[in-house]
Amino acid sequence: MRFNGLAFIASAVAVLSIAGAAWWSSAQAGSPPGKTEVASRRWAVVKVELPAGDEIFPPAVGADIATSQCLICHSAGMVLQQPPLTKAEWRAEIVKMRSAYGAPVPDDQVDALSEYLTGINGRQ
């Protein structure tokens, strides 16, 4: 069974969102809570250990970019398990990773990375 990091993160966000919404609605229900009530609403400490990925990006021109930039945030397996995308779609994914998630892919590497990803997991 393979680990699906994105599904795990989505589940964790959903659980935290529900817990936060429950806390917020109970806090809004009455007058401001007293010290003992606030103390009982502290978040529990949660420790999550994600499994190490053992997949690597296939060797080709651009693999060094994928290894140095993509592995900062997620495993190679997460990228390699995506549905095949066109070069334009891979480029859009890279732009999204940069703008929405702060991926530090330099401007001058975006086209080379989208070309590489199309070569290893692309469609026409």
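The values are calculated or read from the model by the stated rules, or taken from the named source; none is laboratory data. Just so it is clear, the structure is predicted and the values come from calculations on it, not from any experiment. Reconstructed Cβ throughout: ideal geometry from the backbone, glycine too, with neighbour counts over all protein chains shown.
So ILE94 ticks every box in (1) more than 16 Å from the chain's Cα centre (by Cα); (2) at pLDDT 90 or above; (3) part of a helix (DSSP H, G or I) but one. Which box is left unticked?
With (1) more than 16 Å from the chain's Cα centre (by Cα); (2) at pLDDT 90 or above; (3) part of a helix (DSSP H, G or I) applied to ILE94, the lone miss is (1).
Would you pick out the residues in region 83-109 that are closer than 18 Å to LEU71 by Cβ, buried (at least 18 other Cβ atoms within 10 Å of the Cβ) and either without any contact (Cβ under 8 Å) to a residue 24 or more places away in the chain or among the β-branched types (Val, Ile, Thr) (or both)?
Listed by number, the residues that qualify are ILE94, VAL105.
Which one of the conditions (1) surrounded by fewer than 17 Cβ atoms within 10 Å (Cβ to Cβ); (2) in contact (Cβ under 8 Å) with a residue 12 or more places away in the chain does PHE57 fail to meet, given that it meets all the rest?
Among (1) surrounded by fewer than 17 Cβ atoms within 10 Å (Cβ to Cβ); (2) in contact (Cβ under 8 Å) with a residue 12 or more places away in the chain, PHE57 violates only (1).
Say whether the condition of being touching a Leu at 6+ places or on another chain (Cβ under 8 Å), assigned to a helix (DSSP H, G or I) and either among the basic types (Lys, Arg) or at pLDDT 95 or above (or both) is met by at least one residue in region 100-117.
Within region 100-117 (the criterion being touching a Leu at 6+ places or on another chain (Cβ under 8 Å), assigned to a helix (DSSP H, G or I) and either among the basic types (Lys, Arg) or at pLDDT 95 or above (or both)), the answer is yes, since at least one residue qualifies.
Of the residues ALA52, ALA66, ALA44, ALA60, which is part of a loop (DSSP other than H, G, I, E, B) and modelled with pLDDT of 90 or more?
After ruling out the rest, the residue left standing is ALA60.
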